[in-house]
Every structure is written in structure tokens, then in C-alpha cells.
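Quick notes on the structure that follows.
Read-outs: derived from the displayed coordinates by stated rules, not from any lab. Note that the structure is predicted; figures quoted are calculated from it, not measured. In this analysis, Cβ positions are derived from the backbone assuming ideal geometry, glycine residues included, and neighbour counts consider all displayed protein chains.
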Amino acid sequence: MIDERPALHYFQDTLCGWCFGFEPTLTRLYEAWCASLDLHVYAGGMLTGDRVQPLSTKAELIASSYRTIEERCGVTFGERFLTQVLPDGSMVLDSRMPGLALLAYRAMHPDAALAAAHWLHQALYRDGLDLNESDTYRRMAIAFDIEPESFIALMTSDQIAAALEDEFSYVQSLGIEGFPTLLLEYNDNVHVLAHGHTPFEELDMMLQAVLGRRTSGDEDELMRNR
């Protein structure tokens with residue numbers, strides 16, 4: 001993690017409900033600080049290999065926690081997910097396909113990966129789409145004005161598959177034990193800003209403590225996006 005500018009490193013997984021909740025906060029934070037730092041978004045690999053499982057194994061946990069996520073984060077889980085997908089429980093929870101989609105989009109638009117991560121979370125938890133189906137990623141491509149079959153071809157290429165395995169291994173090598181995790185890299189030091197959902201105000205104060213006040217460009221950007 002070597003950059004000329006300060007950088008936020010965001011470790012998330014599409015299947016993580018708290019990441020779904022955290023991303024509006026992170027979007028606001030980056031909009032406030034984008035003139036002063038870079039943002040890197042990683043696919044975490046939360047459920048891969050022998051951890052792949054049907055949604056039914058997590059249904060009770062999700063049913064008991066989604067209102068807490070809504071209340072603390074200001075997001076809304078969609079009716080189709082809550083009333084059809086969750087009770088059915090047959091959807092397979094596998095981080096690989098959404099990870100491929102994130103890396104494919106990131107390869108095309110390196111500076112806009114957060115938007116892709118947010119779309120993927122909404123596809124599952126708001127819209128109840130199956131992240132194992134190619135049609136979900138055709139919808140994603142259309143949403144971002146990308147030719148769908150070209151996007152699917154890139155997603156399923158050997159290049160992206162190898163990059164994803166490297167990324168999963170990299171995240172694991174850092175000892176990231178939960179999502180969302182947000183790190184700040186600055187002057188060869190790494191600061192843990194969030195491990196789990198953290199309010200905007202706390203994150204903003206931590207950035208100011210390390211980096212100083214936002215620049216005028218940051219302030220202007222924040223006002224435009226509130």
C-alpha cells in the first residue's frame with residue numbers, strides 16, 4: 001500500500017450486510033476528502049471455498065440484525081430480499097462472482113470502484129438479485145453504460161480470476177478479520193479508522209486529527225454533495 005498521497009483503503013465484501021450499511025457513510029466521507037486523498041476498494045473474500053453456503057444458514061442472523069443496520073446506518077433492506085429471497089434461503093452465498101465484477105469494473109474505472117461496490121450491495125440487499133447469475137452483472141453493466149457481454153467477458157477472463165485470487169490472499173495476509181474495515185495510509189504509517197460501522201462524524205474527526213483540516217476544495221465538494 002504505497003501511494004504519493006494519503007489513501008483510504010476500504011476492505012469490504014458484497015455479502016456483508018454491515019458493508020451495505022456503511023457505504024453511504026464512506027461515500028459521504030470520500031466526497032468530503034476527495035481533494036486530499038485517494039480511495040482504494042478491495043474485495044474481501046468473506047465467503048469462499050469451504051465457507052460458501054446457502055443463505056438459509058445466515059437467515060436467522062440477518063432477520064435479527066437487519067433492523068439494527070437500518071437504524072444505525074440509514075439504509076433500507078428491500079421488500080423482495082426480506083419477503084422472498086431470505087425466507088426461501090436457497091441462494092448460494094459465494095463472494096467470488098461479485099468479487100470478479102468489482103475487479104472487472106475497477107479495471108475499467110479505477111477511480112470509481114466504490115460506486116460499483118455500492119451497486120453490488122444494493123443488488124443483493126435492496127433488490128434481492130442473485131449474485132451467482134450472469135444476468136445480474138448484465139444489469140450492472142447497463143447501469144454503468146457498459147456493453148453487457150463485454151463486461152461479462154472481462155469478468156470471466158483468466159486475468160480477472162487471477163487478480164481476484166491475489167486480492168483475496170492479500171486481504172488475508174493483512175490480517176483483516178472483519179468487514180467493513182477502513183485504513184488510512186499516510187507518511188508510511190497505517191491508521192485504523194473503522195472496523196465495523198463508524199459514523200461519519202467520528203471518521204471525519206479522525207482524518208482531521210491525522211491530516212489537518214480539509215482543503216477548500218474538499219469543503220466545496222462536501223457542500224455540493226450534502
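A few notes on this one:
- Cα long-axis angle, helix 96-108 against the chain (0 to 90 degrees, to the nearest 10): 50 degrees
- The long axis of helix 59-73 is offset from the longest Cα principal axis of the chain by roughly 30 degrees.
- Three-way shape call for the stretch 54-101 based on the alpha-carbon gyration tensor, with the a/c threshold at 1.5: oblate
- Sorted by Cβ density within 10 Å, fewest first, the residues F151, F22: F151, F22
- Degrees separating the helix 200-211 axis from the principal Cα axis of the chain, which is the longest one: 40 degrees
- Area projected by the alpha carbon convex hull of the chain, averaged over all directions, nm²: 12.4 nm²
- Antiparallel content of DSSP bridges confined to the stretch 7-225, in %, to 5: 70 percent
- Nonlocal amide H pairs with A194, under 5 Å, H built at 1.01 Å: L182
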